[in-house]
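Only one structure is covered here, and it is reproduced in the block below.
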Amino acid sequence: MTVPLISATEVVERAPCGLLAAGPDGVIVRINATMCGWLGMQPEDLVGKKFLTELFTVGTRVFFQTHCLPMLQVQGSVAEIQVDVPHHDGTRIPMLMNMVRQQIDGRCHDEVAFFITKERRSYERELVQARKTAEAALDARRDADSKLLEMNAALSQADRRKDEFLATLAHELRNPLAPIRNVIELLKLQLPPTEQATRPLAVLERQVGHLRHLVDDLLDISRITLGQVALRTERVLLAATMQAAADDTRPLAVAAGHRLHLALPDADITLDADPTRLMQVILNLLNNAVKYTPPGGDIWLGACFEDGQAVITVRDTGIGMPQQSLSTIFHMFSQLTPALERSQGGLGIGLALVRGLVELHGGSISAASEGVGKGSRFEVRLPAHTSATVAPQPAAPLVLPVAQRRILVVDDNVDVTDTMTMLLETVGHHTAFAHNGADALSTAARYRPHIVILDIGLPDQNGYEVARQLRLREEGATVFLVAATGWGQDADRERARVAGFDLHMTKPIDFGKLQAAIASLP
Amino acid sequence: MSITTRNNVQVHGTGPTTLVLAHGFGCNQNMWHYLLPLFADRYRMVTFDLVGSGNSDSAAYSRAKYGTLQGYADDLLEVIEACCDRPCIYVGHSVSAMIGLVAGIHAPQHFSAQVMVGPSPCYINDGAYIGGFSRTDIDELLDAMASNYLAWSSSMAPTLMGVANGPDLGGELTTSLSNSDPAMARHFAEVTFRSDHRADLPRSTIPTLILQSTQDPVVPLAVGDYLREHIAGSILAVIENVGHYPHMSAPVESAAAMSAFLRQHAL
């Protein structure tokens, strides 16, 4: 059997791959029949007439220029480059290209082999497409995530602004309350003790009291949210606080026709708590019970010791709560939703404040109700101890008949100085007033007061500064200095003490407490 | 991560003045291999890899930062601040010419002159402006890159197929020429070929040499004229060359044009 002789040229011409060679200028100098067939062109249309790169589509051409040529120059060859080569009729043929740069007589010649890769390319296109889709999805996800983060930040910012707004609002609302309370106290002293005179006054006093509580609660809750409340913790006997809270609430409960049942714990339960805040918690719960129980109901206040915790319960036979409200009643504004059949309205500040205070003490609060009309049960749990002995609470100082004092009242609010001086004079003191720091100092020099009640927020200089200057003077060395601030924070108290104040009072000044303080002076 | 590690900064040659050379798209600093010896006796030269290319620190890559040329321009200014105590002569190839333009507008005090090798402010035709490509062309180009980057590392590896004269560079250099990260390279391609910095051209205040090839398949000759008209005080030099890399295929001619320009500015 004879093997037909096939020339090397024939092998090259009919090889199962496209072959071509390009000269130093990039012009095609040889091209085999296979490649010409794939292109649908004749060799004479190409050889000496077309650049190698002219075989490519525009995109391939740029890729070839930017990626392949530098590689070719540096390393002498490139392999497995994917290229798109248009057929004469315009259809694109995907090909794989290998290329070698040869030096012939000191000049570069490029030898190129092409393979058609239609099947492989379509498979790779799917891969590329899948990758694109995945990346687009990832990008979209990233965008969504970053938008979510931005929105969260904006929401926290808005929330914080709301808290700051509430704190400022409460503070501003407090200011006008001071002269109003002063006038009520004044009228109580001046009006004849007849039913006709005292009843409207009692209404006024009660309503201003409510208003003040509301404003105080609002201020407290916004401060708790802003992290501005510090507890003045001491060892507190729970039973004593419960007794005091019950005593405080009883008149209100009786007025509403309720029976208030107090069950003090058997053992001595003590807490490390801020006594004022603990009282506030229990009072708020009791007031809530009074408010949401129809006339003639029963209210129970009790406590026990359980697993290292004091469990304080307030129960009532009131309007109760639907199940779906139980989880939200401790949020501010929760009562804005008309969930309660007989809504008493309100902002829902009270319970939010109670929760905030309980949590500040490291405790927890929960609410239970068997449903609307079936009463409510609130349970506060606070870290506690048993059987520790606690010194008995000192009795509140009695208000005694007072010696006449010279009192200088300093406040930039004319209504405050007017009404406070009137009040003080009505109970027998002698007064003077000033509306700024400079006047306060000059008045003090002339008037020689026993007591100075000094507002901290004065227009020309702050009250701390006035106090310091006053203390340096002869007339100020022994004077009893009372600071009056709208903010009542612990930091204020400390600043007041350092500045030389003897007493710090939160505006609006409780006249009873002021009187007691004045009476206790030597 | 120091700037010099992040951008794989290398220093060559000695001289009172520093050339800072930035490679273009699809390559790395080894493309300066043929040009460096021609300046090494007169200039100190700083070469580096753009983040995402060559031996840069790929951990420094972020799609957000490098989503526009500004991210690369910020890096360039950091490289200059880290390596030069006087204003430098900046040489940017292809897209790096525009990176230098952006950096020079932002901090002209760092530049005494700039050389743009094969620059284009915009690759896409727009009305009377001839960028060389239609939008469809660019899409097709990005597509071609995407399919090649799939198997990038293997296709670009230096398989030496019986090359008679052997490669010009040592094995280490050729390897590093091809080791761009595929995903980053693809993103870079999009950012490069879709960029349009025509509006920035009049804001450049730095003496500029525009170095063009007579036949650059990536940038039409008209782009050189456009650049010269829009960059105040710029000079256009067209050198006889086929291809987008005159500093590789015609290094002597490229260096001569650059030297003439630098002499003119006494640099």
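Only a single criterion out of (1) crowded, with 19+ Cβ neighbours inside 10 Å; (2) at pLDDT 90 or above is not satisfied by residue A:217, namely (2). Of everything in segment B:83-96 that's hydrophobic (A, V, I, L, M, F, W, C) and more than 14 Å from chain A (Cβ to nearest Cβ), which residue is surrounded by the most Cβ atoms within 10 Å (Cβ to Cβ)? Checked segment B:83-96; the qualifying residue surrounded by the most Cβ atoms within 10 Å (Cβ to Cβ) is B:91.
Rundown of residues vs (1) within 14 Å of chain B (Cβ to nearest Cβ); (2) within 30 Å of residue A:25 (Cα to Cα), yes/no style:
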residue	(1), (2)
A:99	yes, yes
A:108	yes, yes
A:116	no, yes
A:120	yes, no
A:135	yes, no
A:151	no, no
A:159	no, no
A:165	no, no
A:168	no, no
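Within segment A:70-85, the set of residues being of a type outside the set (Val, Ile, Thr) and within 7 Å of chain B (Cβ to nearest Cβ) comprises A:70, A:71, A:73, A:75, A:76, A:77, A:79, A:80, A:82, A:84.
Does residue B:123 count as modelled with pLDDT of 50 or more, out of contact with any strand residue (DSSP E or B) (no Cβ under 7 Å at 6 or more places or on another chain) and closer than 26 Å to residue B:183 by Cβ?
It is false that residue B:123 is modelled with pLDDT of 50 or more, out of contact with any strand residue (DSSP E or B) (no Cβ under 7 Å at 6 or more places or on another chain) and closer than 26 Å to residue B:183 by Cβ.
Just wondering, is there one or more residues in segment A:59-81 that are part of a strand (DSSP E or B), buried (at least 21 other Cβ atoms within 10 Å of the Cβ) and under 60 Å from the mean Cα position of the chain (by Cα)? Yes: segment A:59-81 contains one or more residues that are part of a strand (DSSP E or B), buried (at least 21 other Cβ atoms within 10 Å of the Cβ) and under 60 Å from the mean Cα position of the chain (by Cα). Here the strands (runs of 3 or more DSSP E) wholly within segment A:406-522 that include at least 1 residues being of a type in the set (Gly, Ala, Ser), surrounded by 15 or more Cβ atoms within 10 Å (Cβ to Cβ) and touching a residue at least 60 places away in the same chain (Cβ under 8 Å) are A:480-485.
Table: residues versus (1) assigned by TED's automatic domain parsing to the domain that holds residue A:221; (2) modelled with pLDDT under 90; (3) buried (at least 22 other Cβ atoms within 10 Å of the Cβ); (4) in contact with a Gly (Cβ under 9 Å, 6 or more places away or on another chain).
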{"residue": "A:247", "(1), (2), (3), (4)": "no, yes, no, no"}
{"residue": "A:250", "(1), (2), (3), (4)": "no, yes, no, no"}
{"residue": "A:266", "(1), (2), (3), (4)": "no, yes, no, no"}
{"residue": "A:274", "(1), (2), (3), (4)": "no, yes, no, no"}
{"residue": "A:285", "(1), (2), (3), (4)": "no, no, yes, yes"}
{"residue": "A:291", "(1), (2), (3), (4)": "no, yes, no, yes"}
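When residue A:283 is tested against (1) assigned to a helix (DSSP H, G or I); (2) in contact with a strand residue (DSSP E or B) (Cβ under 7 Å, 6 or more places away or on another chain), only condition (2) is not met.
Scanning segment A:189-199 for residues that are part of a helix (DSSP H, G or I) and either surrounded by 12 or more Cβ atoms within 10 Å (Cβ to Cβ) or in contact with a helix residue (DSSP H, G or I) (Cβ under 9 Å, 6 or more places away or on another chain) (or both) yields A:189, A:190, A:197, A:198.
A quick yes/no check of all residues on (1) at negative phi; (2) away from every other protein chain (no Cβ under 14 Å); (3) surrounded by fewer than 20 Cβ atoms within 10 Å (Cβ to Cβ); (4) of a type outside the set (A, V, I, L, M):
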| residue | (1), (2), (3), (4) |
| --- | --- |
| A:12 | yes, yes, yes, no |
| A:31 | yes, yes, no, no |
| A:38 | yes, yes, yes, yes |
| A:57 | yes, no, yes, yes |
| A:89 | yes, yes, yes, yes |
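Filtered by the rule that a residue be under 22 Å from residue B:213 (Cβ atoms) and either in contact (Cβ under 8 Å) with a residue 60 or more places away in the chain or among the acidic types (Asp, Glu) (or both), segment A:65-109 gives A:107, A:108, A:109. If the condition is being outside any strand (DSSP E or B), more than 12 Å from residue B:196 (Cα to Cα) and touching a strand residue (DSSP E or B) at 6+ places or on another chain (Cβ under 7 Å), then segment B:95-118 contributes B:96, B:97, B:100, B:104, B:110, B:118. State whether the residues of segment A:300-323 include one that is outside the structural domain of residue A:213 (by TED's automatic domain parsing), within 14 Å of residue A:368 (Cα to Cα), at pLDDT 85 or above and of a type in the set (S, T, N, Q). Looking through segment A:300-323, at least one residue is outside the structural domain of residue A:213 (by TED's automatic domain parsing), within 14 Å of residue A:368 (Cα to Cα), at pLDDT 85 or above and of a type in the set (S, T, N, Q).
The values are calculated or read from the model by the stated rules, or taken from the named source; none is laboratory data. Computed from a predicted structure; not experimentally measured. Positions of Cβ are backbone-derived with ideal geometry, glycine not excepted, and every protein chain shown enters the neighbour counts.
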